[in-house]
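Asker: I'd like to ask you about the structure that follows.
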Amino acid sequence: DSKSKGRNAYSFYSQSLNQSASERLKMDQLLRGALERNEFSIVYQAIVSEQGTRLKGFEALIRWSSPELGQVSPSVFIPIAEQIGLISEIGLWVLRESAEQLKLWQSRYDQAIVMSINVSPRQFHDESILPAVKGVISKTGLPPASLQLEVTEGLFLSASERTLNNIRLLKSSGIRLALDDFGTGFSSLSYLNQLPFDVLKIDKSFVDGLENNDKDQAMVMAIISIAHRLSMEVVVEGVETPQQVHVLRELSADALQGYYYSKPVSAREAEARFLSQSGLLNLSESIWDELS
Ligand code: C2E
Ligand code: MG
Ligand code: MG
Ligand code: MG
């Protein structure tokens with residue numbers, strides 16, 4: 001089924017908790033050379049307006065294809081990259097690469113689309129992030145607001161004042177800030193006030209129960225209403241069925257993202273499906289799928 005398909009490819013290395021010490025050592029070693037060997041790539045997942053008629057932008061998601069290990073899930077190697085001090089380097093690569101891609105797409109198709117990029121809390125400890133983001137903006141000439149950085153609540157568990165300040169400085173350069181995976185883990189409402197978030201992303205775990213769990217519906221409704229009161233836009237992740245789409249529209253979500261619209265795909269495929277003339281036709285056709 002569509003739910004598990006994307007994960008199956010990584011089933012072996014998703015079980016990282018059971019990794020033996022020697023397997024882990026091997027992975028550390030391979031990860032250290034992966035950037036140089038060009039083993040990373042980026043896939044793009046569409047984020048669409050709640051009516052499903054307009055492309056808002058894409059989330060950039062990293063992929064690691066290792067000749068030795070096969071496809072390794074970012075849920076496995078990103079935490080390792082954080083531990084062994086590689087995350088800033090890898091993160092900057094994702095930032096540069098996806099910003100270049102956005103530049104190309106904006107110039108060919110639509111000025112308004114946004115690229116949403118995941119940033120690990122660790123990256124904000126690093127002083128290089130501020131000049132790096134500014135450098136990318138000046139090099140590409142992108143409007144700063146077309147770059148959106150996604151951070152998770154995990155940030156607040158360990159964040160120093162310096163980290164939060166770095167983020168505020170980044171924000172004042174004009175980029176957008178999103179709180180990712182909201183509703184998982186620690187979800188304190190006070191987080192919403194600590195940084196100037198533009199977007200709140202509601203985690204898939206709420207969406208799974210939307211169709212037949214009234215409590216999940218009540219939670220999502222409440223989260224959306226708080227976010228709107230705080231002038232944040234709400235993106236809902238992990239949308240897989242037309243029923244979920246229907247409920248989320250009733251609840252006034254602003255944008256939707258999930259396998260229902262598209263899995264994360266290569267730049268070429270994203271362009272063909274969502275940006276080129278025929279892609280736009282498909283996007284509007286999805287309304288008819290949903291209504292029928
Ligand atoms: P995330 O940022 O919350 O990204 C959403 C994840 O949910 C992605 O998994 C995406 O493929 C998956 N997803 C999207 N829609 C659906 C759906 O409808 N159903 C299901 N079952 N899954 C869906 P992915 O690509 O494996 O990434 C996992 C996590 O790895 C990300 O979660 C993010 O935390 C991290 N990650 C990915 N790329 C990067 C990166 O460039 N930098 C950093 N720091 N973290 C990254
Ligand atoms: Mg994300
Ligand atoms: Mg997320
Ligand atoms: Mg996640």
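The values are calculated or read from the model by the stated rules, or taken from the named source; none is laboratory data. All figures in this text were calculated on a predicted structure; none of them were measured in a lab. Here Cβ is always computed from backbone atoms with ideal geometry, including for glycine, and neighbour counts include all displayed protein chains. Areas reflect the complete protein model, heavy atoms only, side chains present, ligands, DNA and RNA absent. Shrake-Rupley method; radii C 1.70, N 1.55, O 1.52, S 1.80 Å.
Asker: Remind me, relative contact order of the range 142-292 in percent, using alpha carbon pairs under 8 angstrom and six or more residues apart? Kindly include the intermediate steps, with their values, before the conclusion.
Answerer: On the way: 181 pairs, mean separation 24.1, N = 151.
For the range 142-292, the relative contact order is 16 percent.
Asker: Over what distance in Å are the Cα centres of the range 48-105 and the range 215-271 separated?
Answerer: Cα centroid of the range 48-105 versus Cα centroid of the range 215-271: 20 Å apart.
Asker: Continuing with this model, one more query. At a 1.4 Å probe, what is the % contribution of carbon and sulfur to the accessible area of the chain?
Answerer: Details: 7050 of 13860 Å².
Heavy-atom surface of the chain belonging to carbon and sulfur, 1.4 Å probe: 51 percent.
Asker: Would you compute, from DSSP H runs of 4+ residues alone, the mean residue ellipticity of the chain at 222 nm, taking -39500 (n - 2.57) per run and dividing by the full residue count, rounded to the nearest 500? Mind showing how you got there, number by number?
Answerer: Numbers: 15 runs with 143 residues, N = 292.
So the calculated ellipticity at 222 nm is -14000 deg cm²/dmol.
Asker: Sticking with this one: Could I have the simple spin-label model distance between SER160 and ALA222, label points 7 Å from Cα toward Cβ, reported in nm to one decimal?
Answerer: Going by the 7 Å Cα→Cβ label model, 3.6 nm.
Asker: Let me check against my output: what whole-number percent is the relative contact order of the chain, with C-alpha pairs under 8 Å and at least 6 apart? Don't skip to the answer; put the middle values down first.
Answerer: Values: 435 pairs, mean separation 57.1, N = 292.
This gives 20 percent for the chain.
Asker: Just to verify a number: what accessible area does PHE186 come out at with the full protein assembly present, 1.4 Å probe, Å² rounded to tens?
Answerer: Taking all protein chains as shown, PHE186 has close to 130 Å².
Asker: Okay, next question. Using 23 Å as the Cα-Cα cut-off, could you pick out the over-long pairs in LYS139/LYS204; LYS56/LYS263; LYS139/LYS171; LYS215/LYS263; LYS201/LYS263; LYS26/LYS204?
Answerer: Details: LYS139/LYS204 35 Å; LYS56/LYS263 15 Å; LYS139/LYS171 18 Å; LYS215/LYS263 28 Å; LYS201/LYS263 17 Å; LYS26/LYS204 32 Å.
The answer is LYS139/LYS204; LYS215/LYS263; LYS26/LYS204.
Asker: On full extension of the chain, what length is gained from ASP208 through LYS26, given 0.36 nm per residue of separation minus the C-alpha to C-alpha distance?
Answerer: On the way: separation 182, 0.36 × 182 = 65.52 nm, distance 3.58 nm.
Gain on stretching ASP208 to LYS26: 61.9 nm.
Asker: Students sometimes get this wrong: rank THR241, THR140, THR53 by accessible area, probe 1.4 Å, all chains present, largest first. Spell out each step's value before the answer.
Answerer: Values: THR241 35, THR140 15, THR53 70 Å².
So the residues, ranked largest to smallest area, are THR53, THR241, THR140.
Asker: What spacing in nm lies between the two simple spin-label points modelled at SER172 and SER188, each 7 Å away from Cα in the Cβ direction?
Answerer: That separation, rounded to one decimal, is 2.5 nm.
Asker: Heavy atoms of the protein only, probe of 1.4 Å, neighbouring chains included. What is the accessible area of ILE42 in Å², nearest 10?
Answerer: Rounded to the nearest 10, the figure is 20 Å².
Asker: Rg and Dmax of the chain, using alpha carbons, in Å: what are they?
Answerer: 18.8, 53
Asker: For the chain, set up a GNM with springs between Cα atoms under 10 Å and report which of SER128, SER173, SER107 has the largest fluctuation.
Answerer: SER107
Asker: Which residues among the range 104-140 fall inside the zone where the amide N is under 16 Å from a point 7 Å beyond the Cα of ARG96, along Cα→Cβ?
Answerer: 128-140, by backbone N distance to the label point.
Asker: Also: Based on alpha-carbon atoms only, what is the radius of gyration of the range 131-258 relative to the globular estimate 2.2 N^0.38 Å? Show your work: numbers first, answer last.
Answerer: Details: Rg = 15.7 Å, N = 128, 2.2 N^0.38 = 13.9 Å.
The range 131-258 yields a ratio of 1.13.
Asker: Also, I was wondering about something else. Where only protein heavy atoms count, and the probe is 1.4 Å, what is the accessible area per residue for the chain in Å²? Walk me through the intermediate numbers first.
Answerer: On the way: 13860 Å² over 292 residues.
Ligands and nucleic acids excluded, the result is 47 Å² per residue.
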